[in-house]
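We did not get these values from a lab; they are worked out from the coordinates using the rules stated. Note that the coordinates shown come from a computational prediction; the quantities given were computed from them, not determined experimentally.
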Amino acid sequence: MAENEMVDILLVEDNPTDVELTLRALKKANVANPVRVVADGAGALDFLFGEGAFAGRDTSQQPRLILLDLKLPKVSGREVLQRIKGDQRTRIIPVVVLTSSREEQDVVTSYRLGVNSYIVKPVDFDQFVEAVAQAGLYWMIINHPPI
């Protein structure tokens with residue numbers, strides 16, 4: 001994918017198996033929007049703010065949805081969420097936390113930081129596919145974002 005190619009979904013996930021399952025789930029739900037995958041929180045911030053490996057990226061072209069794991073290397077998902085929701089340029093992008101954490105503190109903190117939805121990754125493959133499919137359908141097709 002070219003650096004300035006339009007990206008509708010930013011998937012921030014360090015587990016290659018979960019990346020593959022998420023992409024398969026989106027495809028199964030006929031969510032064919034372009035997806036950019038980054039494997040850590042630093043990469044997500046670089047992508048969103050046009051820094052590091054993404055220096056020069058047109059940051060006026062932001063994703064329509066961010067699927068964010070909380071447990072990430074380099075910069076935690078919590079810190080990424082805080083930066084996204086704390087910056088005027090990225091504040092309105094819907095962020096769905098897609099994580100294995102069932103910790104009440106993670107849920108509460110995520111909502112306090114402005115997350116739009118919090119989904120615990122089911123262990124069962126079919127349930128995982130269904131959860132991702134529903135999230136993708138809602139945020140990419142049903143939801144009406146500001147222009």
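What Kirkwood Rh does the stretch 46-92 have if only Cα atoms enter the pairwise 1/r average? Answer in Å. When all Cα pairs of the stretch 46-92 are included, the Kirkwood radius is 11.3 Å.
What whole-number volume per residue, in cubic angstrom, does the convex hull of the C-alpha atoms of the chain give?
Working: hull volume 15.3 nm³, N = 147.
Taking the convex hull of the Cα positions in the chain, it is 104 Å³ per residue.
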